[in-house]
1. Name the residue that is nearest to the other protein chains (Cβ to nearest Cβ), counting only residues in the stretch B:203-215 that are within 17 Å of B:Phe87 (Cβ to Cβ), of a type in the set (A, V, I, L, M, F, W, C) and surrounded by 10 or more Cβ atoms within 10 Å (Cβ to Cβ).
2. Scan the stretch A:53-86 for residues that are over 23 Å from B:Thr114 (Cβ atoms) and touching a helix residue (DSSP H, G or I) at 6+ places or on another chain (Cβ under 6 Å) and report the count.
3. Return yes or no: is C:Ser86 within 25 Å of C:Thr194 (Cβ to Cβ) and of a type outside the set (Asp, Glu)?
4. Check B:Leu232, B:Leu240 and return the single one that is more than 9 Å from every other protein chain (Cβ to nearest Cβ) and within 15 Å of the chain's Cα centre (by Cα).
5. Taking into account only those residues within the stretch A:112-123 that are facing chain B (nearest Cβ under 7 Å) and hydrophobic (A, V, I, L, M, F, W, C), which is farthest from B:Ser274 (Cα to Cα)?
6. Would you mind telling me which numbered condition in (1) over 30 Å from C:Asn81 (Cβ atoms); (2) in contact with a helix residue (DSSP H, G or I) (Cβ under 6 Å, 6 or more places away or on another chain); (3) not hydroxyl-bearing (Ser, Thr, Tyr) A:Gly181 fails?
7. So C:Asn98 ticks every box in (1) farther than 30 Å from A:Arg197 by Cβ; (2) touching a helix residue (DSSP H, G or I) at 6+ places or on another chain (Cβ under 8 Å); (3) surrounded by 17 or more Cβ atoms within 10 Å (Cβ to Cβ) but one. Which box is left unticked?
Amino acid sequence: MSEPAGPLDYDRRLWLRAWLAATFVFLYAPIVILIAFSFNDSRRNIVWRGFTLDYYARAWNDTSLIEAFTNSIVIALLATAISTTIGALLALALWRFRFPGKAAVEGALALPIVIPEICMGVALMAFFSRIGWPTGLPWPLNLGAIVAGHVAFCFPFVAIVVRARMAGFDRALEEASKDLGAGEWQTLRYITLPYMRPGLVAGALLAMTLSLDDFVITFFTSGPDTLTFPVKVYSMVRFGATPTVNAASTVLILVTVLLTVIAVRLQRPERTIVEGPRA
Amino acid sequence: MESWREQPVVFWTFLLPGAFWLLGFFLAPLALIWLYSFGERAGPVDIVVTGTRENYLAALDPIYLGLFWKSFWIAALATATTLVIAFPVALAVSFAPARLKPLLLLLVILPFWTNLLIRTYAMIAVLRTRGYANFALEAIWDLVGAGSGLLGIALQAFEPLTLLYSNAAVVIGIVYVYLPFMVLPLYATLERMDRSYLEASLDLGAGHLRTFMSVVVPLARPGILSGVILVLVPALGTFLISDLLGGPDSQLIGNVIERQFKAANNWPLGAAMSFLLMYVTFAALALRAFLAERDV
Amino acid sequence: MSPAPILELREVSKRFGGIAAVDRVSLEIRRNEFFALLGPSGCGKTTLLRLLAGFERPSSGTILIDGQDLAGVPPNRRPVNMVFQSYAVFPHMSVEQNVAYGLRVDGLPRAETRRRVADALAMVRLGGFERRRPEQLSGGQRQRVALARALIKRPKMLLLDEPLSALDRKLREEMQLELVRLRREVGITFLIVTHDQEEALSMADRIAVMFDGRILQMAAPMELYEQPGCRRVADFIGTMNLFHGRVLATMDERLRIEVEGLGEIALPGDGRASGEVQLAIRPEKVRLSRQPPRDGLIAAHGTIDQIAYFGDSSHVYVRTDGGLRITCNRANQSRVEETPLTVGEPCWVSWRPADCILLTE
């Protein structure tokens, strides 16, 4: 605050700062309230009565809620593993090769991201029903349909992230590796993959959060025998807001925030030089 | 970039898994729905594809058309509101000192990283008749009342606004849920903007508001277009927000589609509606591409 | 006693779309030679290098290394190694891991690899640098890592793509000597590709000048400089004063040429030249004087147009009375000049007829 503000120091303008603050209040207040009231000792959830962990206990004891939570975590893990692999491979194909129909593939890859989620949800639901996707499979196979749906809309995001990362890769490194005698797969393993890693990590974390946060696709691909967290909470909400819902939601928020923080931490800028030396 | 022929084994290893998934779990389901939109129910679970256009005609029935229109208006209103709110936010963050930028961006993004359902649910507590918005308004009303009381003017009792279960709630809900989507592309464009344009405008005598309207907004067009698309498309197809926050006359297209596939069990009609929604989405994307084209 | 060439190119062409980046190039490179491919950007020299390394496949023609046809041989199985223009030192590996990479890929045992890495680093004067990481190294040091990494595999030929272009002037001179020394020490053939004629002239045993995908002339540096075969080569290597002329008469050992702005000149030369010709003279062979020059020299009177000072030498641009522009390079031989040259001063330029080069196109 010692230097006088320049004409373009917009961030120093009072009204802009106020606007920013107000927006943050708008964004966070509802969530903060939701979390705060998960500790509220009152069923009606409006006025603060006292601190309690009661509702967390109730959530913990609600077997169907726990089952739903576990299922959603497992789905997220499986979907992340598959999405990251597929997405990275496809990104490599697009980055490295020219081939007929490339534009079509790139277009198709963008589709899951742009079409309204509801269209994709109902399409998957109809599809699984039509091809007679087996139901009543043992856990975790019964989560297959949901995982497949999640992968379908997650992996394009992974592909985008990995491709963005590969854009900065100096192809001369691959050529140097081959020049020194390494074959295709050796080069991939020793040279390309290490470079790609930050992109893989970012993509995986993105896929995980997308999967955990999803409602629509999960809603349409869950069956009577698969209980998922969003669907379970949805039915609880329709019955009326109770602090148990708040408690369950808070836990999910914590998990997501944790993942995001890890993602940010792992995104430390690459300290090594991958462009040619110009010093 | 090499031709795929140079390393066919590597190429196919890279391409096949993704291509299979796109084909099998994305394009095939969409194709199925597309076929269904031309089909008829032939029993409680069977659908026969007869090539009929009935479904589309039914979908374009005035009732549904009205719903489409309303969905579009609510989505458009919400998008416009989001744009107005997000622009100063993006401006503030892009002009913030470098060390604060990542933090501010993270703070904007963080709410986005929570489940859609949870965020919508949180809004209920705010918008209820006995919710926090009304509490805040009541507090302000009381303050004003106290002040005017001193002047001898009495105010009537505070009437809480019915915010929840209305179209207004849906709009507010959409803005709340999708705000980060608008901030990010705006920020990206503003961040890259050459400051010397602004300085030149000021140097030539324009005030800040003029500079903003004549220089910043036009230059930020790509970001604006991206942000609008990122909010408008999900808003058009939303059904959760309207379901939890909307009133009996807040049925949107998303809700109708959902009902066709669940309760009403009229998949062909639902399919036709889904595709109409998709065509509208594509039209919006094409429009944006066209507008973006003229920028360069 | 002419051992087989280490590299033989026969009518090699490479086309991209309709354009021939390399157009029917044939050449031979001898064992243990320091060979340079010289040409402006876009002349096809880098493409030729990549054809040798195996990163492009020729549209037609044959490439033979030590008698072995390289058609269909992928880059990782060729007995040549390349030092890339950006050095391409692997950023996520230490110096030791970088240099050992080629051996590790071949499956050499650990102990021997370590020993050979130490030797290779000592040879490029980076002994003790094993643990360092690329981002801690300067550009010149990274280049030497790239060199060690390529040489450790004992290839039949080392390819270098614009090796000195990224270095500053001082470092460049050091590296020039360093590369020549290395080649002698290691005893293998070096092929460098460059657009910098100073690099080529100072380091190479033989130079091939390339333009538009074709080789215009291939010769030792001095021959290339003093006896360029055509105007393009003459103009590209060093600078050249060029004058338009016409052959008037030819006799046994002498030619008479009419040159615009200079009048009639008699030159030693053979009788094959006729018609329109270009007369060329190197600026350092042009003498500048205030007095008229002695007889027997080709001379012209003019005024000094401009002087460019380079510390150790000056380039003086003279406009002759006949309207020609002649550049004269002179070494600044004394520290304090009693009567320094000034712009606008009248002067004489002159040179020996034998120093002229006659070019037909």
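1. Looking only at the stretch B:203-215, we keep the residues that are within 17 Å of B:Phe87 (Cβ to Cβ), and these are B:208-215.
Going one step further and asking which of them are of a type in the set (A, V, I, L, M, F, W, C), we end up with B:209, B:212-213, B:215.
Narrowing the set further to residues that are surrounded by 10 or more Cβ atoms within 10 Å (Cβ to Cβ) leaves B:212-213, B:215.
Numbers: B:Phe212: 10, B:Met213: 15, B:Val215: 12 Å.
Ranking the qualifying residues of the stretch B:203-215, first place goes to B:Phe212.
2. Residues flagged as over 23 Å from B:Thr114 (Cβ atoms) and touching a helix residue (DSSP H, G or I) at 6+ places or on another chain (Cβ under 6 Å) within the stretch A:53-86 amount to 2.
3. On the way: within 25 Å of C:Thr194 (Cβ to Cβ): yes; of a type outside the set (Asp, Glu): yes.
Yes.
4. Working: B:Leu240 fails: more than 9 Å from every other protein chain (Cβ to nearest Cβ).
Exactly one of B:Leu232, B:Leu240 is more than 9 Å from every other protein chain (Cβ to nearest Cβ) and within 15 Å of the chain's Cα centre (by Cα), namely B:Leu232.
5. To start, the set of residues in the stretch A:112-123 that are facing chain B (nearest Cβ under 7 Å) comprises A:112, A:114-119, A:122-123.
Remaining after also requiring hydrophobic (A, V, I, L, M, F, W, C): A:114-115, A:118-119, A:122-123.
Numbers: A:Val114: 14, A:Ile115: 10, A:Ile118: 8, A:Cys119: 5, A:Val122: 8, A:Ala123: 9 Å.
The residue in question is A:Val114.
6. (1)
7. (1)
For every residue, the table says whether it meets (1) in contact with a Phe, Trp or Tyr (Cβ under 8 Å, 6 or more places away or on another chain); (2) free of Cβ contacts under 8 Å to residues at least 60 places away in the same chain; (3) not charged (D, E, K, R).
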{"position": "C:Leu167", "(1), (2), (3)": "no, yes, yes"}
{"position": "C:Arg172", "(1), (2), (3)": "no, yes, no"}
{"position": "C:Leu191", "(1), (2), (3)": "yes, no, yes"}
{"position": "C:Ala200", "(1), (2), (3)": "no, no, yes"}
{"position": "C:Met210", "(1), (2), (3)": "no, no, yes"}
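The values are calculated or read from the model by the stated rules, or taken from the named source; none is laboratory data. Predicted model, so just to flag it, every value in this text is computed and none were measured. Because the Cβ atoms are built from the backbone with ideal geometry, glycine has one as well, and the counts that use them run over all protein chains shown.
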